[in-house]
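The values are calculated or read from the model by the stated rules, or taken from the named source; none is laboratory data. Please read all numbers here as calculations on a predicted model, not as lab measurements. Methodologically, a virtual Cβ is constructed for each residue, glycine included, from the backbone with ideal geometry; neighbour enumeration extends over all protein chains shown. For the accessible areas, the whole protein counts, side chains as well, though only heavy atoms, and no ligand, DNA or RNA atoms are used. Shrake-Rupley method; radii C 1.70, N 1.55, O 1.52, S 1.80 Å.
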Amino acid sequence: QVQLVESGGGLVQAGDSLRLSCTASGPTFSTFSSYTMGWFRQAPGKAREFVAATIQTPVATYYATYYADSVKGRFTISRDNVKKTVFMRMNSLKPEDTGVYYCAAALGRVTTACGLETSYDYWGQGTQVTVST
């Protein structure tokens, strides 16, 4: 069983930055390193949407990253496999970035489907991000 716990959300003003963290418990750090890790968000009254993912490539020490168009250039996903933690640095935040941010783990390498919720096996409880004008 894998448990994911997010942290780092909060209330900020437009233009500010935040860093979200998601720490996994259950897998060894070696197993965690093979997981595809993603961030999704859900704004009030809207469906949950893909934000970013980090995926191990066939060159095991290299990880590819993918982003939703709406956050490219502003958000950066990264991971520390030893700490079993994935991060998302969010810069130049906008009011439309407001929502609950969820961390998700897929037990393996997910490539073209990394933006689909159904590709992921485990989810965190979410952390609220509110960006005011």
Checklist entry - A52 is checked against (1) surrounded by fewer than 20 Cβ atoms within 10 Å (Cβ to Cβ); (2) closer than 12 Å to A104 by Cβ; (3) hydrophobic (A, V, I, L, M, F, W, C) and fails just one. What number does that condition carry? => result (1)
Checklist outcome for this item: Selection over region 98-120 where residues are touching a residue at least 24 places away in the same chain (Cβ under 8 Å), in a loop (DSSP other than H, G, I, E, B), open to solvent by 40 Å² or more (accessible area, probe 1.4 Å) and more than 16 Å from V86 (Cα to Cα) yields a count of 2
Next on the checklist: Could you go through region 68-79 and let me know if any residue there is more than 27 Å from V12 (Cα to Cα), surrounded by 20 or more Cβ atoms within 10 Å (Cβ to Cβ) and in contact with a Ser or Thr (Cβ under 6 Å, 6 or more places away or on another chain).
Outcome noted: no
Checklist outcome for this item: L93: passes all of (1) open to solvent by 50 Å² or more (accessible area, probe 1.4 Å); (2) assigned to a loop (DSSP other than H, G, I, E, B); (3) under 16 Å from R41 (Cβ atoms) but (1)
Checklist entry - Is there a residue being surrounded by fewer than 13 Cβ atoms within 10 Å (Cβ to Cβ) and outside any loop (DSSP other than H, G, I, E, B) anywhere in region 30-48? => result yes
Checklist entry - Only one of (1) open to solvent by less than 50 Å² (accessible area, probe 1.4 Å); (2) within 19 Å of D121 (Cα to Cα); (3) at pLDDT below 95; (4) of a type in the set (S, T, Y) fails for T85. Which number is that? => result (3)
